[in-house]
Structure formats: C-alpha cells, structure tokens
Amino acid sequence: MTFTKIQAKKKSIAVLEQISSALRKGTYGVGAKLPTETEIATQIGVSRNAVREALSALQLLGIITSIPGNGTYVRRAIGEDLEAQALTLLGEAGSPYEALMAQLAFERGLFEQVIEHLGAEDLEKLQELLGSMEHAMGAGDYHAFFAADRDFHLGIAKASHNRVIEQTMRTFLGLIERQLWRNLEAKDYFSEQNLRASLNEHRKIYKALSQRDVSSAKQKLEEHIQGVLRRWLR
C-alpha cells in the first residue's frame, strides 16, 4: 500500500502531501501512472473530492497530466518550490483556488441550457461586455475590467433565460468576488499582460458559445479558470 489513512488537517492538503512524498521518493517517477482517484481515496480514507482537489492542484502546476479514458500520469518531478505552490493553492482560507473551482463547477453545468436558449441579443450583450473589458484594459482601470468580467459571466447565466439560474449566479458571483478581490489585488494580478490574457480567454468562451459548441465552451471556461490561477501564482 502506497498511501496511509489521515486523521487531521484539511483532507485535500493531507492527500497532496502524501502524493508529493510518493513522487519525491520515486515511487512514481516521470511517466508513471498514478492509482485512480478511487484507489487513492480508499487507501487514505478520504472522499474522492479531496483526492480530486489535490490532483487538480498538481495538474495545474504541470506536475501530472490526465488523459481521458486512460489515467493520470506523472509529467515532471516535483521539488519543494512546486509543492509549496500546490499547498498554497489548497491551503489559504477563502483562496482564489476554492472560489474559482466552485465557479468552474457551477458554470460548466449551465452551458447546455444556455446554448439551448441563447439568442442574438444575448450574444450582442456578451460582445459588448468584451468591448468594455478591452476599453478598461486600455485605460488601466482594473476595477472596471473586473466588473465587466463579472457581468460577462452573469450574462452567460442570463442567456439561460431562467430567473432562478440568473439569481443563483448573481449571488454566487458576489460571494466569489468578496473572496477573490483582496487576494488578486495583493498579488499584483492586474497588470496589462494579465488582463490581456484574461480578455483573450473570455473571447474564446464567447466564440464557443456563439458556435453553440457545448464541449468547447466547457473547455475554454476551464482554460480560463486555470489561467487565472496560474497568473495568481506568479
């Protein structure tokens, strides 16, 4: 047995520490296939969600890679610096990681209904918000950029033409914004380079929605969330 049961601390952090230890010891070298989420969860005595959080942090940092239908493989060696970054992702109370993972899970689930009901006016509004983001970026007004960013995601929910979904998203984004703002501002996140990268990611989400491609829209949203986290870690 590679992993052992844990008793205390945040479960995903304990899982991450054990996986990192196994990687450092060479139990799983570069190119090796990791046990499944279920196998790791059973060995450690935690939920699959805790394992998934730990693996997603490692994947975000490029330490492991997941191949759909095949499994999860070690992509590169892990050092103390990378492990520290992964622990930061999971460890800070109210961190962008927790907030953005929650947003990803919630928003991905909307796309089928959004695309089913998406109209020309909805697309026009989303395009206007992209213009607002571009204008705010050019003016160096990151407050306005962040507001347009929030309204873009709210606009996606509005395009479902379901008032419950819209109101839920509005409340949800308010909670996320309170968690994100201080963290991102403290990390000097709002450089022109970062804003431009974020704008391009939003444009890709818009393009997938306009093409009514559910799979691509989900992928582009995930790439955007991962991009935010990578920029936050710099």
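The values are calculated or read from the model by the stated rules, or taken from the named source; none is laboratory data. Fair warning: this is a prediction, and the values are worked out from it, not measured in the lab. A quick note on method: Cβ atoms are made from the backbone with ideal geometry, for glycine too, and the neighbour counts reach across all protein chains shown.
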Odd one out for S160, checked against (1) part of a helix (DSSP H, G or I); (2) farther than 26 Å from D81 by Cα; (3) modelled with pLDDT of 85 or more:
(1)
Could you say whether any residue in region 94-110 is in the same structural domain as E17 (by TED's automatic domain parsing), free of Cβ contacts under 8 Å to residues at least 40 places away in the same chain and part of a helix (DSSP H, G or I)?
no
Residues of region 52-83 that turn out to be in a helix (DSSP H, G or I) and over 20 Å from W232 (Cα atoms), as a count
1
Out of curiosity, is I44 β-branched (V, I, T), modelled with pLDDT under 90 and not assigned by TED's automatic domain parsing to the domain that holds E201?
no
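Do the conditions hold for I115, that is, is it β-branched (V, I, T) and not assigned by TED's automatic domain parsing to the domain that holds S210?
no
Report yes if L130 is touching a residue at least 24 places away in the same chain (Cβ under 8 Å), more than 21 Å from the chain's Cα centre (by Cα) and part of a helix (DSSP H, G or I), otherwise no.
Numbers: touching a residue at least 24 places away in the same chain (Cβ under 8 Å): yes; more than 21 Å from the chain's Cα centre (by Cα): no; part of a helix (DSSP H, G or I): yes.
In short, no.
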When (1) crowded, with 16+ Cβ neighbours inside 10 Å; (2) in contact (Cβ under 8 Å) with a residue 40 or more places away in the chain are applied to A22, the one that fails is (2)
